[in-house]
Amino acid sequence: MTPKGEILIIDDEPNLRRMVSALLVAEGYTTRDASSGTAGATLAQKREPDAVLLDLMMPGELDGMATLIRLREQLPDVPVVMMSGRAGLADAVKATKLGAFHFLEKPLTPESVLLTLGSALELRHARREARALREDIGLTSEMVGASPAMARVRALIERVAPTDSRVLITGESGTGKELVAAAIHRLSARHARPFIRVNSAAIPRDLIESEMFGHERGSFTGALEKRIGRFELADTGTLFLYDVGDLGA
């Protein structure tokens with residue numbers, strides 16, 4: 001049987017690591033584990049896991065928050081699920097802002113662990129597909145030309161890319177608006193995060209909400225499986241709404 005994915009468990013409690021590992025292996029995952037943030041970050045760097053379960057409260061050089069920051073820097077596409085039995089709302093909010101996928105409270109339940117990891121791996125798979133599609137349609141290409149007009153375009157890109165501002169790109173068909181959007185993403189602090197392209201003109205009016213924000217299985221007639229919305233796919237990255245003027249108000 002093909003493994004569902006490899007999960008890295010980072011926790012200073014040996015019993016918890018054994019318990020969670022046994023649960024995941026029984027469900028078809030493979031696991032590795034580490035007793036400290038430093039050891040866990042090293043394991044992740046040597047071989048990228050599909051998801052990480054990370055304890056918030058750990059002794060040593062790297063506590064949970066510091067390890068989360070290290071993992072997000074090293075492996076921005078790997079979802080990290082935080083765990084803690086003594087965390088407050090402020091800790092959960094801080095972890096989410098630092099890029100944690102989800103926050104689980106101890107004592108853990110098998111249902112919550114499996115459900116959360118399933119969702120995390122769906123997001124990782126979608127990000128991989130988005131990256132492959134981005135490469136297929138040429139978003140790795142760069143603009144060419146050295147005219148004064150192109151120099152002004154590049155200067156504008158370099159000014160706006162480091163900001164978190166919304167950007168409106170205008171121009172006739174075929175002038176390279178998508179290349180400009182890709183260049184802005186590439187020069188931004190989000191360059192290692194997803195670049196999600198949405199062809200606004202191709203989305204039927206009745207499906208806009210589902211496409212943009214996703215839906216759960218069974219939430220309406222015809223919703224046969226969970227769908228992750230474009231905003232969630234682009235979280236911490238860039239959402240490029242191509243032909244945004246064709247979207248209804």
Item checked: Label point 7 Å beyond Cα of ALA192 along Cβ direction - residues of segment 210-239 with amide nitrogen under 17 Å -> 235-238
Notebook entry, point to check: If you take the beta carbon distance between LEU207 and VAL160 as r and set R0 to 30 Å, what does 1/(1 + (r/R0)^6) give as a FRET efficiency, to the nearest 0.05?
Noted result: 0.45
Notebook entry, point to check: Where Lys and Arg each count +1 and Asp and Glu each count -1, what net charge lies around LEU108 among other residues with Cβ under 12 Å from its Cβ?
Noted result: -3
Notebook entry, point to check: Taking only the alpha-carbon atoms of segment 134-246, what semi-axes of the equivalent ellipsoid follow from 5 times the gyration tensor eigenvalues under a square root, in whole Å, largest first?
Noted result: 31, 15, 12
Next item on the list: Name the lysines eligible as straight-distance cross-link partners of LYS106: C-alpha to C-alpha under 29 Å, and not fewer than 8 places from it in the same chain.
Entry: LYS4, LYS46, LYS94, LYS97, LYS226
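Per DSSP H run of at least 4 residues, take -39500 (n - 2.57); add these up for the chain, divide by its residues and hand me the 222 nm value, nearest 500 deg cm²/dmol.
-12500 deg cm²/dmol
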Check: Peptides 181-188, 217-224: what's the order by average Cβ count within 10 Å, highest mean first?
Finding: 181-188, 217-224
Check: Using the alpha-carbon atoms, what tilt in degrees (0 to 90, nearest 10) does helix 64-74 show relative to the longest principal axis of the chain?
Finding: 40
Notebook entry, point to check: Just the Cα atoms of the chain: what Rg and Dmax do they give in Å?
Noted result: 20.6, 65
Next item on the list: Relative to the longest principal axis of the C-alpha atoms of the chain, give the angle of the C-alpha long axis of helix 177-186, reported between 0 and 90° and rounded to the nearest 10°.
Entry: 40
Next item on the list: Post the alpha-carbon centroid distance, segment 14-66 to segment 149-189, in whole angstrom.
Entry: 40
Next item on the list: Give me the distance in nm between label points sitting 7 Å out from Cα along the Cα-to-Cβ direction at PHE231 and MET19, one decimal.
Entry: 3.6
Item checked: Ascending count of other beta-carbon atoms within 10 Å, so fewest first, for GLU27, GLU61 -> GLU61, GLU27
Next item on the list: Please say if segment 6-129 is rounded, prolate or oblate, where rounded means a/c under 1.5 for a ≥ b ≥ c the square roots of the C-alpha gyration tensor eigenvalues, and otherwise the choice is prolate for a/b larger than b/c and oblate otherwise?
Entry: rounded
Check: Residue-wise, which Karplus ³J(HN,Hα) couplings in Hz belong to segment 242-249, taking 6.51 cos²θ - 1.76 cosθ + 1.60, θ = phi - 60°, and x for glycine or proline?
Finding: 6, 6, 4, x, 8, 6, x, 4
Next item on the list: List the residues whose amide H sits under 5 Å from the amide H of ASP33, counting only those 5 or more places along or on another chain, with H placed 1.01 Å from N in the peptide plane.
Entry: ILE9
Check: Normalised by the number of residues in the chain, what is the relative contact order in percent for Cα pairs under 8 Å and 6+ residues apart?
Finding: 13
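Note down the magnitude of the dipole of segment 134-246 about its Cα centre, charges +1 on Lys and Arg C-beta and -1 on Asp and Glu C-beta and zero elsewhere, to the nearest 20 debye. Spell out each step's value before the answer.
On the way: 15 positive and 16 negative charges, 73 e Å.
For segment 134-246, the charge dipole is close to 340 debye.
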Margin query: Helix 110-136 against the longest principal axis of the chain: what's the angle in degrees, Cα atoms only, rounded to the nearest 10?
Written below: 30
Margin query: With θ taken as phi - 60° and the coefficients 6.51, -1.76 and 1.60, list the Karplus ³J(HN,Hα) couplings across segment 206-218 in order, rounded to whole Hz; mark glycine and proline as x.
Written below: 6, 9, 4, 4, 5, 5, 6, 10, x, 7, 8, 4, x
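All of the numbers you see were taken from the coordinates with simple rules; none came from a lab. Note that the coordinates shown come from a computational prediction; the quantities given were computed from them, not determined experimentally. Cβ sites come from the backbone with ideal geometry, for glycine too, and all protein chains shown count toward neighbours.
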